[in-house]
Amino acid sequence: MNEHDSIPHLREIVVFLVAAGIVVPALSRIRVSPVLGYLVVGAVIGPFGLGLAAGELPWLGIATITDLDGVRALAELGVIFLLFVIGLELSIERLWNMRRLVFGLGSLQILVTAAVIGSIAWGFGNSPRAAIVLGSCLALSSTAIVMQLLIEQRRLGTPLGRTSFSILLMQDLAVVPILFVVGVLGARGGPGVGWALAVALFRATIVIIGVYLLGRSIVRPLFRMVARTRSAELFMAATLLMVIGTAAVTAAAGLSMALGAFLAGLLLAETEYRHEIDVYIEPFKGLLLGLFFMSVGMGIDYRTILDEPFWIAASVVGLFVIKSLITGTLCLMFKMPRHTSLEAGLLLGQGGEFAFVVVGLAMTLALLPTETGQFMLIVAGLTMLVTPLVAASASRLAEIVRRRFEQDDDEPVAGEFAGIEGHVVLVGFGRVGRTIGMVLDAEAIPFIALDLDPANVAAARERGLPVFFGDASRADMLGRVHADTAAALVLTPDDADRTDRIVRVARTKWPELPIHARARHRAHAARLMALGTERVVPETLEAGLQLAGGLLESLGTSEDAVRQRLDIQRELEVAELAPPAAAVG
């Protein structure tokens, strides 16, 4: 035997890397979402796509994947790393602030949706036990797909992102009791079912608290010791140990591996190593999530769809309608704006990855007939497949609703600053915008700031600063803060594309409005200058000048000479950014 034949799943890995490195990027060039690209590629190269013809055309076997079990085992790591990164971006304090949405809205969504879907399943002739299983598992949505879409669109920090994440987090927490209930139903129950469930939940709570408290005592010393070695390999090993090790501990305790990874992320989010860890882990998360999405596409048997096209199509549409209506209505009850409620409902309307686990277990325990289980797996897989398309439509529909029927409560109303002029409109109140705002406030220069991060807005409002939640890429929003009478528009967002959009909108609507912008790098600065921005400051420029100034002073150059040299260099750098046509008209 050739020594290379002993590498497990070698051909599958090569096929996946071809898809990840060539096919999906090619689809992205025609504006196909990477998530949808992976799902489609998985369907094509899977056992129910080209794999069906591999028997007659042996050469197709080279480009197809038929070992779904092996692929899914590896693909589960993608979900684990996704939950770890989400935990890394949170903190215990921020999670506690979201408790109303997580435990209130999230719990209601699961209970109401499970009751409705379970009742419908029972009405279609399923046994009560089967109806409970179907209602419970189909109440859950796909954390992997929804969170990846929100991250791609940079909407995780928006009201839609926070609402969706809160519901998904509660769904992940609910997996443990759902699996326990399925096991109890498979054992035909008993007089102590309620007590056994309470004991299991108590044990899960103890495990979670124990993992967190133990982790807090060892995480920082461990990474401090590894950081002293200055070894990238050891740092990577320590990070993987935290992710997979914590996931293994929670799995051994009967909890979800993804939940363990989330706890590991929360632990590391409180340390000074969180950003370095994020950089190390990002490539693993992206690749393994891609493998997960491909495994979902591979698992859809399209022959079953052809056998029962009407009922499968009706079930896919019905699941989206039921879950969207319930989730959207509950969001409205929790005082979410109508457009946010509508989009959150549609975004969470699909079945989730845990449906495959729960339905598979139920079929093993004879709670579900094989035909029913396979049918529901097809439905869940198809809803996940169409989610990127539904999400795009939901975003457009939500924007129509917002424009026609709503005015965000956080937006400044037209009369609030009636008659204001000569003020500064400041977009973005993060680390850069906050500094500018404090300088303007100290100099008694009036300003109005807009930001899309509710946390930034809330913190500024507590200090009495005129900061509002709003999207400055909309001309009507800039109109509300009287950009027409402003002395200047200052842009500080982290998102380069969003800054470009704001400049285009402002320059089209108010050609004479002076615009000052922060650029991410020199290429971005040149692009902003070409769009008509009066003054652009690349992040790297001022940092370099400050370092150069400090160096000159340490070498004995006088303070005045340093200031003059930096001013000259600054003018030279800015002049290089200006496009040739900028001097004309």
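Here the sum of -39500 (n - 2.57) over DSSP H runs of 4 or more residues, divided by the residues of the chain, equals -22000 deg cm²/dmol at 222 nm, to the nearest 500.
Quick one: length gained pulling THR329 to THR370 fully straight, 0.36 nm per residue minus the C-alpha distance? Don't jump to the answer; show the numbers that get you there.
Numbers: separation 41, 0.36 × 41 = 14.76 nm, distance 3.40 nm.
Going from the current span to full extension adds 11.4 nm.
This model, with +1 at the C-beta of Lys and Arg and -1 at the C-beta of Asp and Glu, gives the chain a dipole about its Cα centre of some 920 debye.
Multiplying the residue separation of LEU397 and THR205 by 0.36 nm and subtracting their alpha-carbon distance yields 65.1 nm. Taking Cα atoms only, the orientation of helix 539-554 departs from the longest principal axis of the chain by about 50 degrees. Measuring nothing but how far apart in sequence close Cα pairs (under 8 Å, 6+ apart) lie, relative to its length, the chain scores a relative contact order of 15 percent.
Please order THR304, THR372 by the number of other Cβ within 10 Å, starting at the fewest.
Numbers: THR304 17, THR372 21.
Fewest-to-most ranking of THR304, THR372: THR304, THR372.
Between GLU421 and VAL23, the simple label model (points 7 Å from Cα in the Cβ direction) yields a spacing of 6.2 nm. Would you tally the net charge around ILE209, using a Cβ to Cβ cut-off of less than 14 Å, leaving ILE209 out, and scoring K and R as +1, D and E as -1? For residues surrounding ILE209, the net value is +2.
Work out, step by step, the length gained on full extension between ARG11 and TYR280: first 0.36 nm times the residue separation, then minus their alpha carbon distance; give nm to one decimal. Gain in length upon complete extension: 94.2 nm.
I'd like the orientation of helix 106-123 relative to the chain: the angle between its Cα long axis and the longest Cα principal axis, in ° from 0 to 90, rounded to 10. The angle comes out at about 30 degrees. Counting only chymotrypsin sites (Phe, Trp or Tyr not before Pro) that DSSP places in a loop and that have at most 16 other Cβ atoms within 10 Å, the longest clean stretch of the chain runs over 335-585. For volume of the Cα convex hull per residue in Å³, the value calculated from this model appears in [x] 236; [y] 216; [z] 158 under label [y].
Between GLN546 and ARG504, the modelled label-to-label distance comes to 3.2 nm, taking each label 7 Å out from Cα in the direction of the beta carbon.
Within the chain, what's the longest stretch lacking GluC sites (Glu not before Pro) that sit in DSSP loops with no more than 12 other Cβ atoms inside 10 Å? Answer from the scan: 57-271. In the chain, the longest principal axis of the Cα atoms and the axis of helix 496-509 are about 60 degrees apart.
Sort out the exposed loop trypsin sites (Lys or Arg not before Pro) in the chain (DSSP loop, at most 15 other Cβ within 10 Å) and tell me the longest stretch that has none. Longest run free of exposed loop sites: 336-462. Counting other Cβ atoms within 10 Å as a rough exposure proxy, the listed residues LEU77, LEU267 run LEU77, LEU267 from fewest neighbours to most. Exposure proxy shown here: for MET225, MET257, MET384, the number of other Cβ atoms within 10 Å sets the order, fewest to most, as MET225, MET257, MET384. With a simple spin-label model that places each label point 7 Å from the Cα along the Cα-to-Cβ direction, the separation between ASP307 and THR485 comes to 7.1 nm.
Readers should treat all values here as calculations from the given coordinates under stated rules, not as data from a laboratory. Only a predicted model underlies this, so the values are computations on that prediction, with no experimental measurement involved. As a convention, Cβ positions derive from the backbone with ideal geometry for all residues, glycine included, and neighbour counts pool all protein chains shown.
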